[in-house]
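Heads up, the thing below is written out as structure tokens.
Just so you know, all these numbers are worked out from the coordinates, no wet-lab data involved. Computed from a predicted model, the values in this text were never measured in an experiment. All Cβ positions, glycine included, derive from the backbone under ideal geometry; neighbour counts span all protein chains shown.
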Protein chains: 2
Amino acid sequence: MQATIQRTEQRFGNAAAQRSVLRSAITPASRDALALLEQFGTTISVHADREIHGQGDAAAYCYRIVTGCVRTVKLMEDGRRQIGEFLMAGDLLGFDALDTFDFAAEAVCDVTLRRYPRRMVDALAESNVALTRRLRDMTSISLRTAHARLVLLGRKTASERIASFLLEMAERLPGAHDHVLDLPMGRTDIADHLGLTIETVCRVLGHLRREGTIAIERSSITIRNDVALQQMASELRH
Amino acid sequence: MQATIQRTEQRFGNAAAQRSVLRSAITPASRDALALLEQFGTTISVHADREIHGQGDAAAYCYRIVTGCVRTVKLMEDGRRQIGEFLMAGDLLGFDALDTFDFAAEAVCDVTLRRYPRRMVDALAESNVALTRRLRDMTSISLRTAHARLVLLGRKTASERIASFLLEMAERLPGAHDHVLDLPMGRTDIADHLGLTIETVCRVLGHLRREGTIAIERSSITIRNDVALQQMASELRH
DNA sequence: CGAGCACTTGAAAGATTTCAAGTCCAGTGG
DNA sequence: CCACTGGACTTGAAATCTTTCAAGTGCTCG
């Protein structure tokens with residue numbers, strides 16, 4: 001199982017490959033390790049904009065997103081907001097928490113989740129080496145994602161951030177066929193994820209549309225020129 | 001994939017109190033778990049500005065910083081640079097890596113490291129539950145640190161970033177007694193860590209000095225008013 | 001059909017960066 | 001021992017990018 005992850009990781013340097021790695025968490029073998037948990041799982045539904053867990057809550061459960069989209073949110077005193085990441089179907093939430101969450105998780109749209117008691121996860125991890133290893137690798141992958149975002153937020157321009165975001169969504173959104181992205185999140189969420197204002201997000205998207213790089217229809221964006229987007233995204237040196 | 005263990009920018013509630021909480025993550029028991037590795041360790045020295053490992057290198061070793069300061073670096077094609085974090089004596093590096101590093105690690109000043117073969121770490125982890133658990137928690141803590149930095153880079157102003165940085169250093173620098181910080185890193189490193197330019201770093205520091213909040217003597221900064229700094233840092237809502 | 005909300009777009013304001021000089025030491029060589 | 005040189009750090013002024021403030025559009029829902 002770990003072999004699968006490692007093999008994928010070899011394709012380093014190719015930005016697209018790198019991104020997909022971050023989400024390809026569910027390989028056949030690793031699904032087996034996680035499958036042990038299934039018997040302890042409960043399926044729950046959460047409506048759009050409802051909280052799944054709050055910032056500072058005890059980490060009593062872990063989750064797997066079955067359908068829909070979830071955002072992880074940190075709020076500052078004055079209301080400034082940072083969305084750490086968007087989680088899509090198949091993504092996991094809370095498996096790498098300590099005993100409390102340091103961010104809230106909210107449903108972006110109506111979502112279905114599979115929920116597992118954390119102490120079952122911990123108990124199983126104690127006795128199952130494969131699962132343990134799997135959990136550690138998953139957390140490492142989350143960390144790698146976070147580090148890529150540090151570069152995005154610390155060093156990229158607004159256009160580069162938007163381009164990177166669109167390319168990431170093109171790979172991660174379920175059914176993003178033919179370069180058509182049905183974005184579940186609004187412009188405000190995108191802005192709070194990319195460290196921009198909603199106006200800047202709109203302006204950059206508008207610019208890309210006028211250039212012919214993308215087409216926009218409300219929440220659906222079609223990538224018309226992904227080479228242009230990739231150049232604009234300025235990925236890391238390799 | 002940074003491997004800072006005992007530190008975290010955990011920011012709920014009283015930021016200072018919270019920070020020390022995670023420091024105590026290194027309990028006697030957990031130190032014992034890591035102590036198993038000691039027999040496989042080698043001590044090495046690296047001169048200032050030399051590379052410890054490159055971006056993309058196979059993760060053959062893990063490290064513990066014995067003395068000095070290390071920076072983790074990501075470079076973009078055009079030379080823009082992001083420093084993920086600074087590691088101080090006692091911090092760990094590479095324990096949460098996958099099979100390659102996605103960032104370089106460089107000595108900020110002359111450093112002494114203790115180096116452990118990764119496969120020994122993995123082998124021990126397979127058979128030792130305490131160590132395994134310890135590794136997972138360490139990675140989770142790194143992740144929490146990274147998330148706090150996402151807020152800093154995505155939503156804080158230049159002054160807030162500098163204030164947060166100084167407060168973090170006040171806690172993490174070995175021997176930061178009496179609010180005197182001997183910063184091992186230069187202004188350029190600080191800028192590349194905080195997503196700013198060197199000029200902005202200088203200007204904000206100069207402003208704080210003129211205000212009487214800090215005093216500056218080359219690489220040594222004295223905090224004269226830490227309440228002012230804490231207010232300026234704008235920590236997270238709790 | 002009107003209200004409300006999300007999204008757009010324009011114009012002015014503001015924060016940070018860029019460009020350009022300096023200043024201040026530490027180390028070097030005379 | 002002292003002047004000199006290079007690098008790190010400061011500081012000022014103009015340029016630039018993004019935000020803020022303001023309006024306006026368009027769609028959805030009641």
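Taking the dipole about the Cα centre of region A:120-238, with the C-beta of Lys and Arg at +1 and of Asp and Glu at -1, give me whichever of A:Thr222, A:Phe165, A:Ala123 is farthest to the positive side.
Highest projection toward the positive end goes to A:Phe165.
Sorted by average packing, counted as other Cβ atoms within 10 angstrom per residue and highest first, what order do A:98-107, B:225-234, B:99-108 take?
Numbers: A:98-107: 20.0, B:225-234: 16.9, B:99-108: 22.1.
Ranking the peptides A:98-107, B:225-234, B:99-108 by packing returns B:99-108, A:98-107, B:225-234.
Can you list residues from other chains, or at least 5 along the same chain, whose modelled amide H is less than 5 Å from the amide H of B:Leu181?
Placed amide hydrogens put B:Ile221, B:Thr222, B:Ile223 under 5 Å from B:Leu181.
What percent of all Cα-Cα pairs in chain A falls in each 10 Å bin, counting up from 0?
All Cα pairs, binned at 10 Å, distribute as 7, 31, 36, 21, 5, 0 percent.
Quick one: what are the phi-derived ³J(HN,Hα) couplings along region B:120-132, Karplus 6.51/-1.76/1.60 with θ = phi - 60°, whole Hz, x for glycine and proline?
So the Karplus estimates, Gly and Pro as x, are 6, 4, 5, 5, 5, 4, 4, 9, 10, 4, 4, 5, 4 Hz.
Note the full-extension length gain between A:Asn225 and A:Thr67 as 0.36 nm times their separation in residues minus their Cα-Cα distance, in nm to one decimal.
On the way: separation 158, 0.36 × 158 = 56.88 nm, distance 2.87 nm.
Extending this stretch completely gives an extra 54.0 nm.
Can you give the average number of partner chain beta-carbon atoms within 10 Å of each beta-carbon in peptide A:132-141, as a whole number?
Values: counts 7, 6, 0, 5, 12, 4, 2, 9, 13, 2.
The per-residue average across the peptide is 6.
Along Cα-to-Cβ, 7 Å out, sits the label point; list in nm, shortest first, how far the one on B:Pro117 is from those in the other copies.
4.3
Quick one: give the max-minus-min coordinate of the C-alpha atoms of the protein assembly as shown along each principal axis, largest first, in Å.
57, 53, 39
Relative to the longest principal axis of chain B, what angle (0 to 90°, nearest 10) does the C-alpha long axis of helix B:158-172 take?
On a 0 to 90 degree scale, this one is about 50.
Read phi for every residue in region B:179-184 and hand back ³J(HN,Hα) as whole Hz from Karplus 6.51 cos²θ - 1.76 cosθ + 1.60, θ = phi - 60°, with x for Gly and Pro.
Result, rounded to whole Hz: 6, 9, 9, 9, 6, x.
At 222 nm, what value in deg cm²/dmol follows for the protein assembly as shown if DSSP H runs of at least 4 each add -39500 (n - 2.57) and the sum is divided by all its residues, to the nearest 500?
Values: 17 runs with 206 residues, N = 476.
My calculation for the protein assembly as shown gives -13500 deg cm²/dmol from helical runs alone.
Put one equal scatterer on each alpha carbon of region A:157-233, apply the Debye formula with no solvent term, and list log10 I(q)/I(0) at q = 0.10, 0.12, 0.15, 0.28 1/Å to two decimals.
-0.18, -0.27, -0.42, -1.70
B:Tyr61's amide H: which non-local residues (gap 5+, or another chain) put their own amide H closer than 5 Å, with H modeled 1.01 Å from N in plane and none for Pro or chain starts?
For B:Tyr61, the qualifying residues are B:Arg118.
Let me spell out the model: positive unit charges on the Cβ of Lys and Arg, negative unit charges on the Cβ of Asp and Glu, origin at the Cα centre of chain B. What dipole size does that give, in debye rounded to 20? Can you show the working numbers first?
Numbers: 31 positive and 30 negative charges, 107 e Å.
Charge dipole of chain B: 520 debye, to the nearest 20.
Provide an ascending nm list, one decimal, of label-point separations from B:Arg210 to the equivalent residue in each further copy; define each label point as 7 Å from Cα along Cα→Cβ.
3.9
In a Gaussian network model over chain A where Cα atoms closer than 10 Å are linked, find which of A:Glu51, A:Glu38, A:Glu217 has the largest mean-square fluctuation.
Top of the fluctuation ranking is A:Glu217.
Which angle from 0 to 90°, rounded to the nearest 10, does the C-alpha axis of helix B:198-211 make with the longest principal axis of chain B?
Relative to chain B, helix B:198-211 is tipped by roughly 60 degrees.
Shielding of A:92-103 by partners, i.e. mean partner chain Cβ atoms within 10 Å per residue?
Working: counts 0, 0, 0, 2, 7, 3, 10, 2, 3, 2, 12, 6.
Neighbouring Cβ atoms belonging to other protein chains average 4 per residue here.
Quick one: if you stick a label point 7 Å off each Cα along the C-beta vector at B:Ala58 and A:Val129, how many nm between them?
2.2 nm
Report, as an integer, the average count of C-beta atoms from other chains found within 10 Å of each Cβ along B:53-59.
Values: counts 0, 0, 5, 5, 0, 1, 2.
Taking all residues of B:53-59 together, the mean is 2.
Among A:Ile44, B:Val180, B:His53, whose Cα lies farthest out toward the positive end of the dipole of the protein assembly as shown, if unit charges sit on the beta carbon of Lys, Arg (+1) and Asp, Glu (-1)?
B:Val180
Evaluate the Kirkwood expression for the hydrodynamic radius of region A:170-211, namely the inverse of the mean inverse distance over all pairs of different C-alpha atoms, and round to one decimal in Å. Numbers along the way, then the final one.
On the way: mean 1/r = 0.0884 Å⁻¹.
Result for region A:170-211 stands at 11.3 Å.
Taking B:Ala58 in one copy and the same position in all the others, each labelled 7 Å out along Cα→Cβ, what are the pairwise distances from the first, in nm, shortest first?
4.6
After finding the eigenvalues of the alpha carbon gyration tensor for region A:47-153, what semi-axes result from the square roots of 5 times each, listed largest first in whole Å? Don't skip to the answer; put the middle values down first.
Values: eigenvalues 105, 56, 38 Å².
Listed largest to smallest, the semi-axes of region A:47-153 are 23, 17, 14 Å.
Residue by residue through region B:218-226, what is 3J(HN,Hα) from phi via Karplus (6.51 cos²θ - 1.76 cosθ + 1.60, θ = phi - 60°)? Round to whole Hz and write x for glycine and proline.
Along region B:218-226, the couplings run 6, 8, 10, 10, 10, 7, 9, 9, 6 Hz.
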